[in-house]
Amino acid sequence: MITESFLNSCFSIILNKESRVKKTKMLYRDILDILKFTEERETVKVPVVIQSKLDCLRKICELLLTDKTIESVLDSIAFSERFTQYREFLDLKINEILKEHVFQDIVKQIRLRKKINALFKNYDELNKVLESIKDGSFDSIDDLVEDYEVTIKTLYSNMMESNRSTAIEATASLDLTKDDFKHVIEMIQRKYDRSNKTPTGFPLLDNEVLLGGYEPSRLYVWGGGSGSGKSTILNNSIIKSAIIDPSVMSQAVDLKPGEVSRVYIYVTMENTIEEALMRTYMPLFDRTIVQMLSDIKNGVDIRKKITDKLTSSGTAIIMKYFPPMSIGALDLMAVVDEVIETYGNDKIAGLYIDYLDLLKTDTSKYDIYRLELGQITLSLKTLAVQYNIPVITGTQLGRSAYKIQESSSLSVDQISESIKKVEHADFVALLAKDPVDDKIVHGKIGKNRSGKSNLSLDFKVDFSLFKFLSVNKTSNKDKADCTTNLDTGAFKGMQSTL
């Protein structure tokens with residue numbers, strides 16, 4: 001229920017000239033949303049006195065959304081007999097003396113009420129599901145479970161979106177002549193400073209392509225056909241980064257024995273958990289599958305060998321397997337939340353997903369598969385921003401990728417099904433296995449928001465070890481390096497075909 005005390009607080013936050021709280025359109029919209037939601041849900045008639053004050057607050061917020069100054073807004077409503085009784089009250093709110101922490105408390109209350117709005121946005125759907133459970137009116141167990149999962153995920157999605165909007169608001173606008181933007185400078189430093197990036201473990205990629213490694217809040221996509229090594233390069237990126245000597249890293253910290261400074265989350269729908277473990281041990285210790293089986297037979301402590309390697313670097317790797325098409329972005333958020341509970345929010349080095357095409361959408365079903373893939377990609381980008389971590393995943397290339405004979409022939413238009421995968425990603429790299437030499441995988445940087453793109457690469461690989469050994473630049477016959485590949489003819493051609 002809307003109380004008069006809450007209304008008075010809202011008047012204080014939007015009118016007081018001494019407050020340092022940033023008065024943005026988002027703040028005004030939040031208040032209007034709260035008022036609208038409460039009135040729609042209110043079962044008891046609001047007292048006339050409170051209703052009149054509520055109407056006054058609504059009108060002020062609506063006028064402030066039209067870019068009017070507070071002075072002009074008050075002058076405008078002063079002519080209305082409807083709000084005459086509040087003239088002295090409004091003057092008091094403009095000039096009242098309150099401590100800054102009081103204003104911050106008011107903002108907090110507004111945010112909490114906005115979250116309540118988000119929480120109960122689909123209350124009717126939740127109530128319908130619960131009632132069907134209570135009276136047994138559901139059509140089948142399959143329908144019941146599906147309806148319940150969709151409803152709960154929608155609730156969680158609404159809450160995450162509310163949190164994301166609140167976080168973005170802090171830096172959504174900036175007056176370069178009047179605002180103190182120290183916090184924005186700090187955000188730039190946290191996001192782009194090399195010490196806050198996660199290395200790929202490949203010196204060429206880290207030093208010349210990604211300018212230090214994977215950045216927080218970015219979505220990285222490795223595209224490849226079946227057998228090209230897209231799963232392997234995701235796994236190798238984790239391993240190579242995880243075992244880097246912490247003393248040589250730019251974010252080196254003094255670690256106590258057993259302390260973890262970086263956590264890598266690997267979620268796979270492609271390889272079962274035993275396959276994922278095998279593909280970690282083999283490249284880590286240069287063992288073929290036959291040699292690994294021999295190690296197991298001879299009593300080698302596989303777990304100790306891996307944990308000793310990770311412990312010496314102060315890292316941890318969390319592996320999760322899910323069946324294909326069984327999870328979406330919200331489930332991935334739950335995985336990240338679980339890791340945060342154990343290790344802390346600032347320890348996550350990256351979320352590695354094998355791979356994008358095996359995920360499902362959370363709340364909507366699409367008749368057209370390419371639209372579904374676009375929504376999944378956007379959800380992964382949102383996840384990266386929400387948790388301020390890099391998200392790295394793979395995706396399939398179309399049939400033409402199997403005919404590639406050199407790196408320069410790779411192009412973003414070979415990514416299958418949806419151009420939205422390219423549009424929403426911050427980085428897109430393409431992989432194709434050489435048709436003759438199985439020790440070579442051709443690569444190309446097709447899109448890169450934070451460094452070079454249109455860069456041709458050749459990886460030397462040993463698939464008997466599931467290992468990318470090295471990477472080198474190759475001559476790019478068609479074009480010079482550029483900062484983005486989105487304006488190339490290939491990309492435009494792709495748009496026209498979709």
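The values are calculated or read from the model by the stated rules, or taken from the named source; none is laboratory data. Treat the numbers as computed from the prediction; the structure is a model and nothing was measured. Here Cβ is always computed from backbone atoms with ideal geometry, including for glycine, and neighbour counts include all displayed protein chains. Please note that ligands, DNA and RNA were not included when accessible areas were found on the heavy atoms of the full protein model with its side chains. Shrake-Rupley method; radii C 1.70, N 1.55, O 1.52, S 1.80 Å.
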From the residues in the stretch 445-498 that are at pLDDT 55 or above and of a type in the set (D, E, K, R), which one is farthest from D434 (Cα to Cα)? R449
With the checklist (1) exposed (fewer than 11 other Cβ atoms within 10 Å of the Cβ); (2) under 39 Å from the mean Cα position of the chain (by Cα); (3) assigned to a helix (DSSP H, G or I); (4) at pLDDT 85 or above in hand, flag the one item S137 doesn't pass. (3)
Which one of S195, S231 is among the small types (G, A, S), more than 29 Å from L358 (Cβ to Cβ) and part of a helix (DSSP H, G or I)? S195
Among the residues of the stretch 395-427 satisfying the criterion of being among the acidic types (D, E) and open to solvent by 50 Å² or more (accessible area, probe 1.4 Å), which is nearest to Y220 (Cα to Cα)? E423
So, in the stretch 333-375, of the ones that are touching an Asp or Glu at 6+ places or on another chain (Cβ under 7 Å) and either farther than 25 Å from T232 by Cβ or of a type outside the set (A, V, I, L, M, F, W, C) (or both), which residue ends up least open to solvent (accessible area, probe 1.4 Å)? D354
When you go through (1) open to solvent by 50 Å² or more (accessible area, probe 1.4 Å); (2) acidic (D, E); (3) in a helix (DSSP H, G or I) one by one for D67, which number turns out not to apply? (3)
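For every residue, the table says whether it meets (1) within 24 Å of K25 (Cβ to Cβ); (2) part of a helix (DSSP H, G or I); (3) open to solvent by less than 30 Å² (accessible area, probe 1.4 Å).
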residue: V49; (1), (2), (3): no, yes, no
residue: S52; (1), (2), (3): no, yes, yes
residue: L90; (1), (2), (3): yes, yes, yes
residue: I97; (1), (2), (3): no, no, no
residue: H101; (1), (2), (3): no, yes, no
Among the residues of the stretch 103-134, how many are open to solvent by less than 30 Å² (accessible area, probe 1.4 Å), within 28 Å of I327 (Cβ to Cβ) and either among the aromatic types (F, W, Y) or at pLDDT 85 or above (or both)? 2
Sole miss for A334 among (1) within 25 Å of S261 (Cβ to Cβ); (2) touching a strand residue (DSSP E or B) at 6+ places or on another chain (Cβ under 8 Å); (3) among the aliphatic types (A, V, I, L, M) is condition (2)
Of the residues F459, F466, which is touching a helix residue (DSSP H, G or I) at 6+ places or on another chain (Cβ under 9 Å) and closer than 23 Å to M292 by Cα? F466
Search the stretch 428-453 for residues being more than 20 Å from Y214 (Cβ to Cβ) and free of Cβ contacts under 8 Å to residues at least 60 places away in the same chain, and hand back the single one that is least open to solvent (accessible area, probe 1.4 Å). H442
Index of the failed condition, D142 passing every other in (1) farther than 26 Å from N448 by Cα; (2) within 20 Å of the chain's Cα centre (by Cα); (3) modelled with pLDDT of 75 or more: (2)
Scan the stretch 190-219 for residues that are among the hydrophobic types (A, V, I, L, M, F, W, C) and either under 19 Å from the mean Cα position of the chain (by Cα) or open to solvent by 30 Å² or more (accessible area, probe 1.4 Å) (or both) and jot them down. L210, L211, L219
Being open to solvent by 30 Å² or more (accessible area, probe 1.4 Å), farther than 22 Å from D331 by Cα and either of a type in the set (A, V, I, L, M, F, W, C) or in contact with a Lys or Arg (Cβ under 9 Å, 6 or more places away or on another chain) (or both), is that true of even one residue in the stretch 376-386? no
If you go through the stretch 271-315, how many residues are basic (K, R) and surrounded by 13 or more Cβ atoms within 10 Å (Cβ to Cβ)? 4
L35: passes all of (1) more than 17 Å from S5 (Cβ to Cβ); (2) among the aliphatic types (A, V, I, L, M); (3) open to solvent by less than 20 Å² (accessible area, probe 1.4 Å) but (1)
